[in-house]
Structure formats: C-alpha cells, structure tokens
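What follows is a single structure, written as structure tokens, with notes after it.
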Amino acid sequence: MKASFPDRTGCTRREFCYSFSALLVSQTVKVREVGPQGTFGIACDSFQIRARQIAQASGAEANASITAEKFVDLCKSFGGDGCLMNLVQLTSRDSAYLKQIRQALDDKGMFLELSLDPQLFEDQSLLSSAAATARDLGVSRLQLAAGGRRTEDFSDPSQWQEFLKHWHQRLQQAEPIFKQSKLQLGIENHQDWLADELVEVLRKIGSPHIGASVDFSNNLALLEDPLEVVQKLAPYAVTSHLKDAAISEIEEGCMIADVPLGQGILPLAKLMELLRRSKSDIHFCLDMITRDPVKVAYRDDSFWGVFGKRDTSRIDRFKSTVLSKAATRSFPKIGGMSSSQMRAVEDDNIRRSVAYAKRTLGL
C-alpha cells in the first residue's frame with residue numbers, strides 16, 4: 001500500500017497533484033479568454049421569486065427562468081462581477097445570439113459560469129452540444145447538482161448506492177468531453193453527498209476536469225460542519241456557492257434559514273481562504289435563496305432511513321460544532337406574504353449580501 005504524504009495544509013500528496021493539475025487547466029483556459037474583472041458573481045437561484053413572478057405575469061410555465069440577456073443586466077445592476085446562470089436561460093444556441101451574450105459580458109467586464117441539467121449526462125450528444133455552447137460563450141467552469149435532497153428523495157441505502165454507481169459511470173463517460181473542450185465541471189454538494197463520499201468519487205475519476213462546486217451551507221442538512229466540508233472539498237474546488245445560514249433547535253431537530261451574508265453562523269472569510277489556497281482564482285457566486293426556513297428532523301427515525309442506521313457520532317459532532325451556535329430567535333417566513341412583499345424581501349436580501357461581500361469580505 002502506498003503511503004499518503006500530507007503537506008502542511010493537511011492535503012494528501014494525491015490531492016496536491018489534483019489541485020496543481022486543475023490549476024494548470026484553469027490557467028490554460030484563462031489565457032484564451034477575455035479576462036474577467038473580479039471573482040464575485042450572483043447565481044440564478046438568488047432570483048427565484050423574481051423569476052417565478054415574471055413567469056406568472058407572462059403566462060409562462062411556473063419554472064420558467066429569466067432570459068440570459070436580462071439576467072446579465074440584472075446581475076450587473078446588483079453589483080455582480082459575473083453570473084452563474086442555468087443553460088436553459090439561453091433562448092437560443094444560434095451563433096449570433098451567443099456572440100451577443102458574450103459581447104454583453106465582455107462589455108461589462110463580467111465572467112459567466114453555467115449550471116447544467118442532470119439529464120444532459122444521459123445523452124453524450126446533448127452534453128457535447130452543451131460543452132460547445134459553453135466554449136462559444138467563453139465559459140470555462142460549469143456546475144452540476146446531480147441529485148435531490150438525500151433524506152427526502154431516497155428512502156433506503158440501496159437507492160443511494162444505485163445513485164452513486166450511476167453518477168460515477170456518467171461522470172467517467174463525460175470526462176473526455178470536458179477534457180477535449182478544456183472545461184472544468186464542479187459537482188455540487190447539494191444536500192445529497194456527504195463530503196467524504198463526494199471526495200471519494202472525485203478521487204476515483206482522478207481528473208482535473210471533474211471537481212467540486214463547493215456550497216457553503218448545504219451539508220448542514222446532513223449534519224456536517226461547513227468548515228470540515230470545505231476543508232475536504234477545497235483541493236477539488238472548481239467554483240462555489242457563497243451563502244450564509246442561521247440555525248435554531250426544535251423538538252424534531254433543527255431549523256436552517258438562508259440569511260444575508262454576515263447574519264448567520266458560517267465563518268465566511270475562513271471558508272473563502274480555504275478555497276483560495278487550492279484555487280487562487282475561484283469565483284464566489286452568491287446563492288442567496290429567499291425562502292422559508294427548512295426543517296431537518298434528524299431526531300426522527302425516517303431521517304436516517306437512507307443511511308441505514310442512526311449515526312450518533314455525527315449527531316454529537318453536529319451539536320458541539322454547529323448547534324452550539326444556534327439562535328434563540330425564530331426566523332421570519334415569506335409564506336403568506338404578497339407578491340410585492342416577497343419580491344422586496346428577495347431584493348433586500350441580495351443587496352445586503354452584496355454589500356457585505358464587497359465591504360467586509362473584500363470581493
């Protein structure tokens with residue numbers, strides 16, 4: 001068995017080599033692009049209420065999104081140096097349209113990252129087309145949320161093992177496409193993978209073109225400490241979701257609330273520092289979702305069904321590292337508000353977060 005050689009930051013030798021290879025890929029892509037100005041972006045999920053209201057006003061589908069050209073302007077108006085949009089926000093794949101979007105980004109000095117739909121990975125031709133679109137737009141970093149919410153969408157360990165097997169195969173099949181296109185894909189820790197599980201998959205694939213999209217707070221719902229999650233995923237980081245969260249205890253477990261940056265319990269500056277050590281030019285894309293607090297009923301047996309058994313050691317660590325910072329106040333809810341009130345709260349949450357990012361975090 002080969003020995004694992006930790007460096008001074010705690011990364012293994014293999015993780016160091018992975019990070020170095022990813023850095024070379026990043027730099028190779030970077031010199032081919034019009035250089036982005038800044039590293040602070042805004043993710044499309046930050047505008048969920050706005051997008052839903054626009055769709056309702058136009059009679060479109062409930063899940064319709066803000067078109068790419070409008071989204072670029074919107075992110076800029078809120079102070080973003082770039083944006084993370086979903087591929088479906090592009091209303092065309094025509095070269096003239098893509099050139100228009102890229103020109104708008106260049107004129108504003110903004111970067112762009114794209115979020116891909118999981119269904120694309122079921123069809124190599126569709127995925128290749130998406131990769132080509134990304135390159136036409138000058139994009140070098142992509143993001144994927146592969147699964148749903150683990151404790152809600154999976155009921156037993158066998159279902160989860162099938163999910164792991166499926167995505168290990170799909171990512172291995174997809175890797176040559178991203179390699180050929182000189183793209184980096186980040187797999188999001190989307191309330192599905194435990195940090196160690198995602199690391200294991202990325203280690204097995206072993207490519208600088210397949211890494212992690214590091215969400216700052218998602219793994220709270222799986223009772224993991226955000227600091228430990230980021231430490232483990234940092235060597236594989238491609239991009240990130242910058243967010244903050246507050247937490248409170250309830251009889252069934254806890255409530256987690258998305259809050260503007262600086263109003264929660266996350267050590268944002270420390271988390272950013274950890275990611276920058278591994279990827280100096282990483283983008284921090286604000287993912288401020290305005291919604292009601294989420295219940296994590298980890299004291300109920302149903303929560304542990306997908307894991308096979310209750311993990312008392314994880315509960316104890318969570319209590320000492322996270323719940324010790326729990327708020328005593330109740331969290332506000334947007335349910336029951338009028339459309340105009342919800343929109344005003346969403347806009348205010350984003351503005352507060354952008355102000356904190358610029359003034360306190362130095363983005």
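Counting Lys +1, Arg +1, Asp -1, Glu -1, what net charge surrounds Val306 among other residues with beta carbon under 14 Å of its beta carbon? Present the calculation step by step, with values, prior to reporting the outcome.
Values: positive: Arg149, Arg150, Lys309, Arg310, Arg314; negative: Glu152, Asp153, Asp156, Glu162, Asp192, Glu197, Asp300, Asp301, Asp311.
It works out to a net charge of -4.
All C-alpha to C-alpha distances of segment 133-178, sorted into 10 Å bins beginning at zero, yield P(r) values of 20, 41, 26, 12, 1 percent in whole numbers. I need the Kirkwood Rh of the chain: take the reciprocal of the average 1/r across all distinct C-alpha pairs and report it in angstrom. Radius from the Kirkwood sum: 21.1 Å.
A DSSP coil position with no more than 11 other Cβ atoms inside 10 Å describes none of the chymotrypsin sites (Phe, Trp or Tyr not before Pro) in segment 251-324. Ranked by the mean number of other Cβ atoms within 10 Å of their residues, highest first, the peptides 330-337, 219-226 fall in the order 219-226, 330-337. Here's the list of lysines a cross-link from Lys182 could span, going by alpha-carbon distance under 22 Å and ignoring same-chain residues fewer than 8 apart: Lys30, Lys99, Lys204, Lys279. Normalising the average separation of contacting C-alpha pairs (under 8 angstrom, six or more residues apart) by the number of residues puts the relative contact order of segment 110-196 at 41 percent. Size descriptors for segment 293-363: radius of gyration and Dmax over Cα atoms are 17.8, 45 Å.
Mean Kyte-Doolittle of at least 0.5 plus a Cα span of 27 Å or more along the axis: flag which DSSP H helices in the chain meet both, please. List each step's numbers first, then the result.
Values: long enough: 157-180 (35 Å, -1.38); 339-359 (30 Å, -1.09).
In the chain, no H run is both long and hydrophobic enough.
Descending by average beta-carbon neighbour count within 10 Å, the peptides 39-49, 164-174 line up as 39-49, 164-174, the highest first.
Of the GluC sites (Glu not before Pro) found in segment 228-326, the ones in coil according to DSSP and having at most 11 other Cβ atoms within 10 Å of their Cβ are Glu251. Under the rule a/c < 1.5 gives rounded, and otherwise a/b versus b/c splits prolate from oblate, where does segment 206-363 land using the Cα gyration tensor? Oblate, because a/c is 1.5 or more while a/b does not exceed b/c. Relative contact order for the chain using alpha-carbon pairs under 8 Å, separation at least 6, rounded to a whole percent? Relative contact order comes out at 18 percent.
Charge tally around Phe284: other residues with Cβ under 13 Å, Lys/Arg +1 each, Asp/Glu -1 each, net -2. Taking 17 Å as the straight-line reach from the Cα of Lys232, the aspartates and glutamates in range (excluding those fewer than 8 positions away in the same chain) are Asp7, Glu15, Glu188, Asp192, Asp196, Glu197, Glu200, Asp215, Glu224, Glu273.
One Cα centroid belongs to segment 39-96, the other to segment 163-207; the line between them spans 26 Å. Per-residue ellipticity at 222 nm, computed for the chain from helices alone with -39500 (n - 2.57) per DSSP H run of at least four residues, works out to -13500 deg cm²/dmol.
Where a number appears in this text, it was derived from the coordinates with a stated rule and is not lab data. No experiment lies behind these values; they were computed from the predicted model shown. For neighbour counting, all protein chains shown are included, and Cβ atoms are generated from backbone atoms with ideal geometry for every residue, glycine included.
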